[in-house]
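The values are calculated or read from the model by the stated rules, or taken from the named source; none is laboratory data. Being a predicted model, the structure only gives us computed values, none of them experimental. Neighbour counts run over all protein chains shown; Cβ positions are idealised from the backbone, glycine included. With ligands, DNA and RNA removed, areas are computed over all heavy atoms of the protein, side chains included. Shrake-Rupley method; radii C 1.70, N 1.55, O 1.52, S 1.80 Å.
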Amino acid sequence: MLDEILLMIVVINPFSKMLFTILLCKEYSGKELLQIVVRSNAIALLILSIFSFAGYWILKEFFHISIYSLRIAGGIVLAKIGFDYLDKGATFVVKRTKSLLEISAVPIATPLIAGPAAIATVVTISVESGVLASVIALSVGILINFLLMIFALVFSKRIGETLIIVLIRILGLFIMALGVEMLLSGVVGYLNLT
């Protein structure tokens with residue numbers, strides 16, 4: 001269970017959301033930011049919960065995609081995200097023109113929190129360890145993400161953007177390695193299947 005929780009935390013990558021929250025402090029008031037943080041995490045929790053419960057059925061029965069193909073695709077996406085974090089950091093710019101609900105849903109809830117790698121991860125955990133393990137892992141991951149985003153709001157003046165960017169780049173290496181691991185386990189699983 002601890003492995004699944006740690007994987008979800010790494011895939012959700014709360015540090016990038018902390019930076020994103022700090023960047024939003026320039027555009028939105030504290031009250032607006034709190035609404036954005038609460039809504040975006042709630043929406044992401046709903047999306048990932050749906051995939052936890054029905055993702056395997058949607059993939060297998062509706063799209064006829066195996067879990068191994070999903071692991072390979074998710075691994076590629078995760079490795080690319082890790083590479084981008086490692087190479088460029090995770091600096092996103094959002095203009096004030098979006099409504100609070102819009103920015104909460106897109107880009108924060110999805111794809112930043114509940115992106116392709118997180119969806120692939122909850123489906124994989126659900127298949128391999130059960131729906132309960134998947135829901136617990138994603139709930140803990142979302143909770144930690146929520147708390148760190150709140151932390152960023154409270155301490156945005158004290159947290160240096162440089163520190164967050166450095167942490168994101170370091171985490172990018174680990175995300176990239178997890179993506180490669182996910183890809184390789186998908187390939188091995190597929191080869192063992194045939």
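Some points to look at:
- Condition check for residue 159: at pLDDT 85 or above and among the β-branched types (Val, Ile, Thr): no
- Subset of region 87-104 [surrounded by fewer than 18 Cβ atoms within 10 Å (Cβ to Cβ), part of a helix (DSSP H, G or I) and modelled with pLDDT of 80 or more]: 87, 100, 101, 102
- Leading residue by the ranking (farthest from residue 50 (Cα to Cα)) among those in region 111-124 that are among the aliphatic types (A, V, I, L, M) and open to solvent by 10 Å² or more (accessible area, probe 1.4 Å): 112
- Check on residue 65, in contact with a helix residue (DSSP H, G or I) (Cβ under 9 Å, 6 or more places away or on another chain), at pLDDT 85 or above and over 19 Å from residue 141 (Cα atoms): yes
- Set side by side, the residues 108, 168, 164 differ, and just one is part of a helix (DSSP H, G or I), modelled with pLDDT of 85 or more and open to solvent by less than 10 Å² (accessible area, probe 1.4 Å), which is 108.
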